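Take a look at the structure set out below.
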Amino acid sequence: MTTVTVDKAAPTRKVKYGSMSRDRAWALRWSYFFLVIFAIFSLTPPIYMLITSLKSSAEISAATNPWWVFHPTLENYVGLLTSNQFLRFFWNSAIVSIFVVTITMLISVPAAFALARMRFWGSATLATGVFLTYLIPETLLFIPLFKMFAVIGDWTGIQLINRWYVLLILYPTLTVPFCTWIMIGYFASIPKELDEAAVIDGASWLQTLTRIFIPVAFPGIIAATIFAFTVSWAQFLYPLVFTTSTDQLVMPVGIITSLIKGDVFNWGQIMTGALLGAAPPLIIYAFLMDYYIAGLTAGATKG
Amino acid sequence: MADVALQPNRGAAQAARKRSSLHKMLKRKSTVAFLMTLPLILLIATLVIYPAFYALHLATLNKSMQRFVGLSNFEFLFRRETFWLVVKQSCIFAITAVVFKALLGFIIAHFVHNIPAKGQRKWRGMLLVPWVIPPAMSTLAWLWLFDPSYSAFNYTLSFFGIGPIPWTGDAMWARFSVILVNIWVGAPFFMIMYLAALKSVPEQLYEAAAIDGANWWQRIWYVTLPMMRNIIAITTLFSLIVTFANFDIVRILTAGGPLDHTHIFATWAFRIGIEGSDIPLGASVSLFMVPILAIAAIFILRDINKRGNEA
């Protein structure tokens, strides 16, 4: 009697195991199938940029198969990289981004240190305020800011509108709150014993920050730097509103306003410009993906 | 030994006492902290808080900004059909895009989580590319893919006998295209957040559920979703704010057209305030974003505080 039950039970259990692993295999196959579909969806626009950037305008207007390059040429790249105007956009973007990253880190690292470690009157409110500021979108502020800078120009004679350096004042409003917020998270995760030891050894607050906190939270600093760079490189609204002369434009606005002339779209050059404009963030992402993702997820996971 | 060590300290303290009180104040912890946060406070006060209130002031002026007109800018907006069109479109745009981004992100995160850990990095890397490219640049690629006469999508669809689709020419299709591009840009963000959250769900919970005989749907509903609730809430609310305030995609893809049928608050405010140089009216339009942003912000803050208390 007992043997019968065992005999009965054994095969069913075996079959069940077999079906489970078969289920797993199918689940895996389906996962890959859908991942391939999603990857195609994700990569179609950038790949299409690349395909079009390798075509001559004659080939584009001949309306051959858009997904294939029959006569690859680098003339779009040569054309853009030898154009002073385009190099000017690239240069402006680079200068603005580098300055903004520096300003952002100089403001947000000490502030985050003070907010994370040195409790003072109103520090908790200020930390919350920083986070709230991060939630205020630039689309809410561009009109009053535009008017503000116009008024400043009228009163003091300091012309800020239509100068690339106005962006150095504007971009930190987008980068500083978030960078401060994630640096508070990173600094708060450093064990208290570490800075207590530094204080006992007679370090000043500034020394504690530069000798202990910055080296220990270095991954966080890289993540914040990457964030500040990508935000200032990609920003579109502020330069569109505040700069108009071609020699003051940054990449995104420059490509759109100077390469699109009326109804004439030189798509080969536009796609080349877009690809070159997307290149710096993509290169940073390719090499520092883990930091990039850490910065991305830190906003919500730390706090 | 201890006395010897303390002696110089005491001397230093006495010397310090003799120094000016200003110097002492500068050494106090709260003063140092205040000085360290001062640039941040100044930045936020002058370039975020002040402009926000300045917008309120601007909204009560007439077009030449010389006369106080009270609420008549808002009255004017309420009487305009385009305004209600923009309200409707902003809501449709934000809600549809966020829902689909959240769903797609959730599904993709599951698929990435399903495959062996070795390959996950590669797939994650590929799937996050749309988020990394500056939206202004990638929208140009979409604009070219949607081109009325050279559309690569229409070229492909023509093989299936599907006629040329007016991607940006027809009101409904233009709305669809704008939302599609927004989903394309935003879904990877959800994917990466959900993937991080999925990894933090303890494996034992799934084992326990499997022993209790839960099927895959019950595992998601009773284990995954409750464990990810907080991340889902924060990510969705955050994305709602960003999507509602979106500018780049709509501006480049359709510039609000055809016939204002894709305008959302930000693009319409730009059209009126900067291009039409009616700054007060533009400011009034952009102020309409505040209520929904405030509601989302309150909920996010509540969640963040809750997490802070748990920790």
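At-a-glance table
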read-out: Axial C-alpha extent at least 30 Å, average Kyte-Doolittle at least 1.0 - helices from chain A (DSSP); value: A:84-117
read-out: Taking the stretch B:117-253 and dividing mean pair separation by its residue count, relative contact order in percent (alpha carbons under 8 Å, at least six apart); value: 31
read-out: Global geometry of chain B, whether rounded, prolate or oblate, following the gyration tensor of its Cα atoms and the 1.5 cut on a/c; value: oblate
read-out: Length-normalised contact order of chain A in % [C-alpha pairs under 8 Å, at least 6 apart]; value: 27
read-out: Top of A:LEU240, A:LEU132, A:LEU276 by mean-square fluctuation, Gaussian network on chain A, Cα under 10 Å; value: A:LEU132
read-out: Packing-based ranking, highest mean first, of B:210-222, B:131-143, A:243-255, A:211-223 given that Cβ atoms within 10 Å are counted; value: B:131-143, A:243-255, A:211-223, B:210-222
read-out: Subset of B:LYS118/B:LYS199; A:LYS147/B:LYS63; B:LYS122/B:LYS199; A:LYS192/B:LYS29; B:LYS101/B:LYS199 violating a 22 Å alpha-carbon distance limit; value: none
read-out: Anisotropy class of the protein assembly as shown from Cα gyration tensor, a/c 1.5 cut; value: oblate
read-out: Which of B:TRP144, A:PHE120, B:ILE49, positive extreme of dipole for the protein assembly as shown (C-beta unit charges); value: A:PHE120
read-out: Nonlocal amide H pairs with B:LEU61, under 5 Å, H built at 1.01 Å; value: B:VAL69
read-out: Global geometry of chain A, whether rounded, prolate or oblate, following the gyration tensor of its Cα atoms and the 1.5 cut on a/c; value: oblate
read-out: Label point distance in nm, A:LEU106-A:MET289, each placed 7 Å from Cα along Cα→Cβ; value: 3.5
read-out: Length-normalised contact order of the stretch B:79-310 in % [C-alpha pairs under 8 Å, at least 6 apart]; value: 28
read-out: Vicinal HN-Hα couplings computed from phi for the stretch B:96-101 (Karplus, 6.51 cos²θ - 1.76 cosθ + 1.60; Hz; Gly/Pro x); value: 4, 4, 5, 4, 5, 4
read-out: Helix-only CD estimate at 222 nm, as mean residue ellipticity for the protein assembly as shown, using -39500 (n - 2.57) per DSSP H run (n ≥ 4); value: -24000 deg cm²/dmol
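Every number in this text was worked out from the coordinates using simple rules, so none of it is lab data. Nothing here was measured: the structure is a model prediction, and the numbers come from that model. All Cβ positions, even for glycine, are placed from backbone atoms using ideal geometry, and neighbour counts span all protein chains on display.
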